[in-house]
Each structure stands twice: as structure tokens, then as C-alpha cells.
1. Being closer than 15 Å to Gly272 by Cβ, at pLDDT below 95 and of a type in the set (Ser, Thr, Tyr) is the filter here, so list the residues in segment 202-254 that pass it.
2. Assess whether Thr295 counts as being touching a Pro at 6+ places or on another chain (Cβ under 8 Å), under 19 Å from Asp407 (Cα atoms) and at pLDDT below 90.
3. Could you pull out the residue among Ser58, Ser51 that is at pLDDT 80 or above, part of a strand (DSSP E or B), touching a Gly at 6+ places or on another chain (Cβ under 7 Å) and surrounded by 14 or more Cβ atoms within 10 Å (Cβ to Cβ)?
4. Could you tell me whether Val271 is among the β-branched types (Val, Ile, Thr), in contact with a helix residue (DSSP H, G or I) (Cβ under 8 Å, 6 or more places away or on another chain) and touching a residue at least 40 places away in the same chain (Cβ under 8 Å)?
5. Can you name the number of the only condition in (1) in a strand (DSSP E or B); (2) within 25 Å of the chain's Cα centre (by Cα); (3) farther than 19 Å from Val97 by Cβ; (4) of a type outside the set (Lys, Arg) that Val200 fails?
6. Does Gly68 satisfy the condition of being of a type outside the set (A, V, I, L, M) and assigned to a loop (DSSP other than H, G, I, E, B)?
7. Of all residues in segment 162-192, count the ones that are over 21 Å from Ser258 (Cβ atoms), among the hydrophobic types (A, V, I, L, M, F, W, C) and in a strand (DSSP E or B).
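The values are calculated or read from the model by the stated rules, or taken from the named source; none is laboratory data. Predicted model, so just to flag it, every value in this text is computed and none were measured. Cβ coordinates were reconstructed from backbone atoms using ideal geometry, including for glycine residues, and neighbour counts include every protein chain displayed.
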Amino acid sequence: MEFRRPGSAWSVGRALAAIALVALVVGNLAFPTAFAVANRQAVLTASSQRSNDIVSASAIPGGGVLAGTNANRAELLEGGRVRATRAVQGTITDTAVAPGGAYLYVGTSLDRVYVFGPRLDLIRRITMANPVVGLATLPSGTLIVANGSGAFTDQYFLTALPAGGGAPTSSRRAAFTITSVSTLGSAALYGTINSNVGLVPQGGSGGWTRLVNQPVTAVLGIQARQEALIGDQQGGVTLLNARGGRIGTVAVSTSPISALAFDPAHGLFLVGTTSGELIVLDAGGQTVLERKAATEPIEAILPTSGGRLTVVPQEGPWSELDPAAVGSASLADGLVPWWIGFDIADLLLLAVGLLLYLERTRHRTVRLIREVRRGWLAYVLIAPAIVLVLLFSYYPATSAVYYSFTDFSLQSAPQWIGLTNYVQILTQDIYFHTGLINMVIITLSGFLKGITMPLLAAELVFWLRNRTH
């Protein structure tokens, strides 16, 4: 008997298999470690406070939040509790807080502005000429009241009131139906339903109006940068300078923008949407973080003590964002696709190594390669069919496995959540349990129907045959 020494392909296969196994073990230890290190500081944590149909919220200096609800009530929220509440007449449309927190303002659809003290004690009630659609305060303490009537008209005004209320000091007509109001320096900043953004200085002439891409849903004046951040109905964000010049526009979501904020300490723009997404942009407008912060629209993103920001949804628990942890969380999110790609490449390398290592398989592989070379034209002709089968049959099934480990939504990018979906479907989804029981019943009944009747028929035939003989 002649013993053949293993060929070079066998040696290469063994080496590849060994390297792939070692890399698989080391990589799946290194990636989770790096992921855990990057996520050691939680970027988004749950708050003790909850929303109960909140439509507007404003931060109070020194702590606390002034909130307006759909139940026509103004609430003073502190430390996860409702400290005070006051009923108002009409649907609450907006809230605002004076610099220093000396006055709390609530605007309603019945042409009224309520002025409260720091503990929500009523100071005065001001009647405007039109329904109030928005409130904002200037650094000087002047209250800007956006008011008007009609869905698509130019009968909208920006009225200035002295701090604490009183006779109007000025009133300027807006370009069209106002949807959001803020301040920039000593001027009122507003957005309209017909895609206009306007700046109206107080105590002087001038100002400007600029057309943006889509109907405006939120505006924010950034005092530290003298810029205006604009959110629109199609999920876009536009940045303008103080003269109305466009700095840039970026699409961040498919849902309308409902809240805007800026973190000056880290230079981050924060965007909330009506689908509960929280998107963080860097100074260049690049998305660095995206999280599902709520299941309802985000009504406000408010600064709190310690440099954190509070995300206030219309309904449900609040969340706190730590801007200092955004960079590491973004790094952790970026590791996930590399981790998956590494495992796929490593498994392919392991498969190649095993094919070359196994003698019999190696010979078959060599013969297969030779046959493919001889019949290359046939494989070229069937290649389009193979690609289509892989694309429309195997890729959807494979991608479904990946998406099962994510929070998948057609309105936002998938977010990796690990085994959370499987835990929820096994422990919380009653429909899954009911469907599983029904499937077992249908399977057993189908099995019994398919087996019992043929067996009874066979037994009857056997019995009749024995009786006749």
C-alpha cells in the first residue's frame, strides 16, 4: 500500500481553518468588549416623569417644567411629580417661561394669554385680538405672542407684550399662517405653513422672510451661534444665519419635525419627530446618533441641570439624553455592522479552509472547479437566474434574520436591540401565544385526519379480507 503525503492544498486548508477559528473566537470576544466599553456611559436613560397628553412644555430656570395638556390644564412638574395644576379656558396652544422664571405663560385658542407666577399662581389674564398659536420670550423679558385665525391666510401677527403682561408695545403682520415661533437675539423668529421663515426685529424696522423647501413645523433661534434652525413637514432640517442666508439643509427623517434643541457645550443639534425619533446632528449636519425615544410625538427637548437634556413626548415616560455620551454611543452603533461583516467573512474563510482540509471534499471541489471551467459558458448563461434567485429568495430570508435583532421601522433607520424582540414576543405578546396554540391544534388535527382515516380504512380492508377467507 502506498501512502500519499498531504498536498499543499491540504496544508493551506488546515491553516485557514485554524486561523478562522481563532479569529472567530477572538473577534467575538473583542467586539462585545469594545461595544460594552463604548456604551459604558448610557446616552439615553429613562426619567421618573411621565407625560399625560402634553401638547407643550417649557423649561423653568432652576428646575421644573411648565406643561400644557390637551385637557386644558397647565401643570408645574418637578422631580417626577405634578406640583401644581391650573385649569384654563380654551385649548392650550403653547407655553413659555420668562428669563429667570419670574413669569409662566400659557396661550390658548380662545384669544387668551395666562400669566402665572413661579408656583403657578394666576397673576393676570390677557385677551388678544386673535387665537394664540405660539409664545416665545426675548432675553429682555418681552413676550412675543403669535396670534391669528384661518388655516391659510395672512391674518397672523407677532405681538410684543412687556414682561408679566400689559398693553402691547408693538404688533407686526407675519407673512402667512404661523406654525411655530421662537426668538433670535432681540427679534422674533417664526415659520409658516407655506414654507416661509421670517425674522421680525423689535423696536425697529427691517427683518427678512426666506423660503425653505417644505412647510415649517418647528423653529429654534440659537442665540450662541446667531443662527436659526428650521424643521419641516417632510423630516428635513435647515440652518440659516442671522441674515437669512442658508447654511445647509439635511433630511434626517421621513416624519415631520416636532421639536428642536441645541447643546452649546458640545455643539450638537437635537431633533425630535412626530414618530418619537430623537436624532442628534453634529456641527456639520451629520447624523451621529438616532434613537427611538418615544412611541408618541416628541413635544419638547429641554435643558436640565448637569448638562443633560430631557425629551418630553406627548404621552408616556420621559427620557434624559447625556450629550457627553453621544460620541461613544455613535462609535458603538458603528461597530455593529463591522461585527456582523467580520463574522460573515470569518465563516466564509472557515468554510473554504474546511473544504480544502477535508481530502475527499477537496478532490470533489477540484473536480467541480475543473467542470465549471469546462462549462463556463453554461454558468454564464444561468448566472442571471442565479442572481435573481439569490436576490429575491435568499436575501430577504437572510435580511429578515438580521432585522429581527433590530427595532425596524419604515420611518427610520433600524436600531440594533439584540434579543429584545425575541424576549418580548415570548413573554409579552399574547397574540403570539394564541397563534402558537392554534398552530399546534391545527397541526395535530391535520395529522390525526391524515393518519386516522387511512389506518381505519386499511384495518377495515384487512378485516373484510380475513372474513371472506
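1. Selection gives Ser253, Thr254.
2. yes
3. Ser51
4. No; evaluated as a whole, the condition is false for this residue.
5. (2)
6. Considered against the rule, which asks whether it is of a type outside the set (A, V, I, L, M) and assigned to a loop (DSSP other than H, G, I, E, B), Gly68 comes out as no.
7. Restricting attention to segment 162-192, the residues satisfying the condition of being over 21 Å from Ser258 (Cβ atoms) are 162-173, 175, 185-187.
Going one step further and asking which of them are among the hydrophobic types (A, V, I, L, M, F, W, C), we end up with 163, 167, 175, 187.
Keeping just the survivors that are in a strand (DSSP E or B) gives 187.
Residues that pass the stated criteria total 1.
Residues are listed down the side, and each one gets a yes or a no for (1) surrounded by fewer than 17 Cβ atoms within 10 Å (Cβ to Cβ); (2) among the aromatic types (Phe, Trp, Tyr); (3) in contact with an Asp or Glu (Cβ under 9 Å, 6 or more places away or on another chain):
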residue	(1), (2), (3)
Asn241	yes, no, yes
Phe269	no, yes, yes
Glu299	no, no, no
Thr304	yes, no, yes
Ala324	yes, no, no
